[in-house]
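Notes for the one structure printed next.
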Amino acid sequence: MDKRFIRTNDRIRAREIRVIDDEGKQIGILPPFEALKMAREKNLDLVEI
């Protein structure tokens, strides 16, 4: 997939995000600002798939 079309972090425009952590555990559906905060706390990127 062309990296220009992969939305990450602040480029994600969804109103709600289903969050799955780095171990594959489903966290739930969160607003983008909260999901991004969680990712940054773990030094990870938020990636839209």
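Miscellaneous remarks
- Residue match in the stretch 5-19 (condition: of a type outside the set (D, E, K, R), surrounded by fewer than 10 Cβ atoms within 10 Å (Cβ to Cβ) and out of contact with any strand residue (DSSP E or B) (no Cβ under 9 Å at 6 or more places or on another chain)): yes
- The one condition in (1) surrounded by 12 or more Cβ atoms within 10 Å (Cβ to Cβ); (2) under 9 Å from the mean Cα position of the chain (by Cα) that Lys37 fails to fulfil: (2)
- Pairing each residue of the stretch 8-34 that is in contact (Cβ under 8 Å) with a residue 40 or more places away in the chain with any residue that is of a type in the set (Val, Ile, Thr) and surrounded by 10 or more Cβ atoms within 10 Å (Cβ to Cβ), provided the two are 6+ apart or on different chains, yields C-beta distances under 9 Å for Thr8/Val47.
- Restricting attention to the chain, the residues being assigned to a loop (DSSP other than H, G, I, E, B) and not small (Gly, Ala, Ser) number 20.
- Lys42 vs. criteria basic (Lys, Arg) and modelled with pLDDT of 95 or more: yes
The values are calculated or read from the model by the stated rules, or taken from the named source; none is laboratory data. This one's a predicted model, so the numbers in the text were calculated from it and none came from an experiment. No Cβ is skipped: glycine too gets one built from the backbone with ideal geometry, and neighbour counts run over all protein chains shown.
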